[in-house]
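Reviewing the structure listed below.
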Amino acid sequence: MMRKTDSGWEEIFREPLSPPEPNFIPAYDPENPPLTDEIAAGRKKVPRTRTLRRQMSLTQEEFAARYQIPIGTLRDWEQHRSEPDAPARAYLKVIAADPEGVAEKLGREMEVAAAK
């Protein structure tokens, strides 16, 4: 590890951390309590976009086109630069529940719009 000083850069020596004892339990942190089954059960279940897309064996471009999601938005979600908002999370849940049905409905809407 290096640090910058007035005279330039110098190396800092740090003792390596020793491995924890076999039955080591970290101290309880009130701001970050351990995850219990009860807390985990109450969390929102939102499908991860990349996992959902890969389960369908679709590329980002195919998934974005099929479900009318801007490709940049999809990439941001998958690369964790942004998170889907509440309506997008709901949409992803619907896609996860019935991917073919959603694609079919969107396909029909596009056909009707094109016919007008």
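The values are calculated or read from the model by the stated rules, or taken from the named source; none is laboratory data. In this text, all values refer to a predicted model and were calculated from it rather than measured experimentally. Here the Cβ positions follow ideal geometry from the backbone for every residue, glycine too, while neighbour counts run over all protein chains shown. To get the accessible areas, we keep the full protein, side chains included, count just its heavy atoms, and leave off ligands, DNA and RNA. Shrake-Rupley method; radii C 1.70, N 1.55, O 1.52, S 1.80 Å.
The set of residues from the stretch 69-106 being farther than 15 Å from Leu52 by Cα and touching a residue at least 40 places away in the same chain (Cβ under 8 Å) comprises just one member, Leu106. State which residue is modelled with the highest pLDDT when the search covers only the stretch 27-49 and only residues that are of a type in the set (Ser, Thr, Tyr) and under 27 Å from the mean Cα position of the chain (by Cα). Among them, the one singled out is Thr49.
As a summary of the residue check, Ser82 satisfies the conditions (1) modelled with pLDDT under 85; (2) part of a loop (DSSP other than H, G, I, E, B); (3) farther than 30 Å from Met1 by Cβ except for the one numbered (1). Regarding Phe24, is this residue out of contact with any Phe, Trp or Tyr (no Cβ under 9 Å at 6 or more places or on another chain) and modelled with pLDDT of 90 or more? No: the conditions fail for Phe24.
When you check Ala27 against the structure, is it more than 15 Å from Pro99 (Cα to Cα), assigned to a loop (DSSP other than H, G, I, E, B) and among the small types (Gly, Ala, Ser), yes or no?
yes
Among the residues of the stretch 29-88, those identified as among the basic types (Lys, Arg) and open to solvent by 40 Å² or more (accessible area, probe 1.4 Å) are Arg43, Lys44, Lys45, Arg48, Arg50, Arg54, Arg66, Arg75, Arg81.
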